[in-house]
Amino acid sequence: MSEKKKVLIADDDFDILEQLKMQLQAEGFDVVACESQAEAENQLETIKPDIAIFDLMMDDLDSGFVLSYKTKKKYPDVPVIIITAVTNETGLKFDVSTEESKNWLKADVILNKDIRFEQLFKEMNRLLGDN
Amino acid sequence: MQFLKVLVADDEPGMRRGVQKVLKKAHFKFEKLEHEIGFKVLEAADGQQSIDLLQKEAIDLLLLDYKMPGYSGLEILEWIKKEQLDVTTIMITAYASLDVAVSATKNGAFDFLAKPFTPEELRTVVEKATRNLIAQREAKRLAEEKRKIRFQFLSVLSHELKAPIAAVESYLRLMKGRAAGEELKNYDHIIDRSLIRMEGMRKLIFDLLDLTRIESGEKKRELRKIDLVPIARNSIETMNVLANERGIQIHLNAPESLTLTGDQSELEIVLNNLISNAIKYNKENGRVEVTLKKDDQQVTIQVTDTGIGMTPEEQSRLFQEFVRIKNEETRNILGSGLGLSIVKKIAQLYNGTVSVESEKNVGSTFHVYLPLEQKTNENEQN
């Protein structure tokens, strides 16, 4: 039996964090849940996750991007998924489908809230399969 | 200097020149307006030219001759009304009869000027029309601003109502999918969270009702001499249940009685909100001090807690609608984000003020200052 994969998740909405955690645990992941950008940064100091999922807007409007950047800097091989409601709320679109946007958005996948868990798991499995 | 566009529509060139000369030099200063108002004068020699210019240029003021080749002054007035142009018209005529004045005013002219007129008469009429125009536009702008604020409030509100529904819905789905297995106790924490979110929503709806009542003025304010001390005692008694659960002591420092002019239920709302906040954001076994004071001019309601306190940044956002200071410590505390904005609104109804001093992890003190007397007439109009 293989070791449980470790997921680092960060979302300042406690309910969403809790729900995500339960779903991921149900899927067999080992979950480290953080409520803020600062907390996630601290975790990154001590653990190396297999994959990370960050909410975009937390302490700052771009917390998710910052966390993503820091994760990639320390662990270039760890895939990062950003989840955000920003597109629904503002119409601003981010995507990482082109090489150009990948240069400045250090995330592998950006998903819109409300996330569908099947879609999230599909993306996670795809990214984890790459490794 | 702000320039208004004036169109002089008259078939006599001498008349147009005269108006040009007077209005070029004229500028008015109105109270409430920081800048002066000057005029840029355009001319039209007949009815058709007038209409062309009215269509092309954003004319603010129209000096309109009653008798002109082409369209008559009255026809132009009717056309302006039909087109719903935002232009203030002063009718000029040599035939200053009551009939003409009445029909012109009926058709939307603001004022009347009889030929021949002196420069001073022209200035007076134009000043009056300008004052009216500025006041009207200001009123319109305020109404528009109010509409925008209302819209913003509603969109934030709908978001605040949607969020708990979405949270509870997702929790239920997790349970339905047995995400944590078959044992019900595995779901205790999400059941608790769901209940907290539901209660929060109920609180929001109640606060919203308070707020609507205050804002709409639907509920008649009953302003009378009222003793604040029993209101505070009553509020403390109600809140004691909540305080006892967490070992918090509430103390009242107040004179025997303390009267001011006010509305019983508004003052209840203020005290209930302040005291319940002082309990909610307190630490276990903390203290709440409620102090009521009075001098010749005002009453001070002071509520101090020994709670979690706030950073200066958090304090600066505190009295806005739907602001809830979000951190680890406040997560499980119920709140609609409307309580303090309600307190502030009520204080404003009394021409009073609200302030806060706070230190992170030490506690917060809220002050509400209310003048002793209220101008009853003014308040009834609101």
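Odds and ends about this structure:
- Normalised contact order of chain B, rounded percent, pairs of Cα under 8 Å and 6 or more residues apart: 10
- Counting Lys and Arg as +1 and Asp and Glu as -1 over every other residue whose Cβ lies under 15 Å from the Cβ of B:Thr291, the net charge comes to -1.
- If R0 is 56 Å, the Cβ-Cβ spacing of B:Val102 and B:Arg141 corresponds to a FRET efficiency of close to 0.95.
- With all pairs of different C-alpha atoms in the average, the Kirkwood value for the hydrodynamic radius of the protein assembly as shown is 29.0 Å.
- Start at zero, step by 5 Å, and the Cα-Cα distances of the range B:182-275 spread as 2, 11, 14, 16, 17, 14, 10, 6, 4, 3, 2, 1, 0 percent across the bins.
- Helical segments meeting 20 Å axial Cα length and Kyte-Doolittle -1.0 threshold in chain B (DSSP H): B:119-176, B:188-216, B:228-245, B:264-280
- Look at the dipole of chain B built from charges on Cβ: of B:Gly14, B:Ser170, B:Leu340, the Cα furthest out on the positive end belongs to B:Ser170.
- The charge dipole of the range B:221-381, taken about the Cα centre with unit charges on the Cβ atoms of Lys, Arg (+1) and Asp, Glu (-1), comes to about 280 debye, rounded to the nearest 20.
- Positive-pole candidate from A:Leu8, A:Tyr75, B:Ile134, dipole of the protein assembly as shown, charges at beta carbon: B:Ile134
- Net charge of Cβ neighbours under 10 Å - reference B:Ala278; Lys, Arg +1; Asp, Glu -1: 0
- Pair-distance distribution P(r) for chain B, from all Cα-Cα distances in 10 Å bins starting at 0: 4, 18, 19, 14, 12, 13, 11, 7, 2, 0 percent.
- For the range B:29-119, GluC sites (Glu not before Pro) meeting the loop criterion (DSSP other than H, G, I, E, B) and having at most 14 other Cβ atoms within 10 Å: B:Glu31, B:Glu34, B:Glu36, B:Glu57.
- Ordered from longest to shortest, the equivalent ellipsoid semi-axes for the range B:221-381 are 26, 18, 13 Å, each the square root of 5 times a Cα gyration tensor eigenvalue.
- Ellipticity at 222 nm from helices only: DSSP H runs of n ≥ 4 in chain B, each -39500 (n - 2.57), divided by the residue count, give -16500 deg cm²/dmol.
- At q = 0.15, 0.16, 0.21 Å⁻¹, base-10 log of I(q)/I(0) for the range B:48-201 (Debye sum, equal scatterers on each alpha carbon): -0.87, -0.93, -1.26
- Within the range B:98-135, backbone nitrogen closer than 16 Å to the virtual label 7 Å beyond the Cα of B:Leu33 toward Cβ: B:123-135
- Which of A:Phe121, B:Phe110 has the fewest Cβ neighbours within 10 Å, and the rest in rising order: A:Phe121, B:Phe110
- Of B:Gly200, B:Gly309, B:Gly14, the one that fluctuates the most in a GNM where chain B has Cα springs shorter than 10 Å: B:Gly14
- Normalised contact order of the range B:55-138, rounded percent, pairs of Cα under 8 Å and 6 or more residues apart: 28
- Take every Cα pair under 8 Å whose residues are at least 6 apart in sequence, average their separation, divide by the length of the range B:2-143, and the relative contact order is 22 percent.
Quick note: the coordinates plus some simple rules give every number you see, no bench work behind them. Since the structure is predicted, the reported quantities are computational estimates derived from the model, not experimental observations. Positions of Cβ are backbone-derived with ideal geometry, glycine not excepted, and every protein chain shown enters the neighbour counts.
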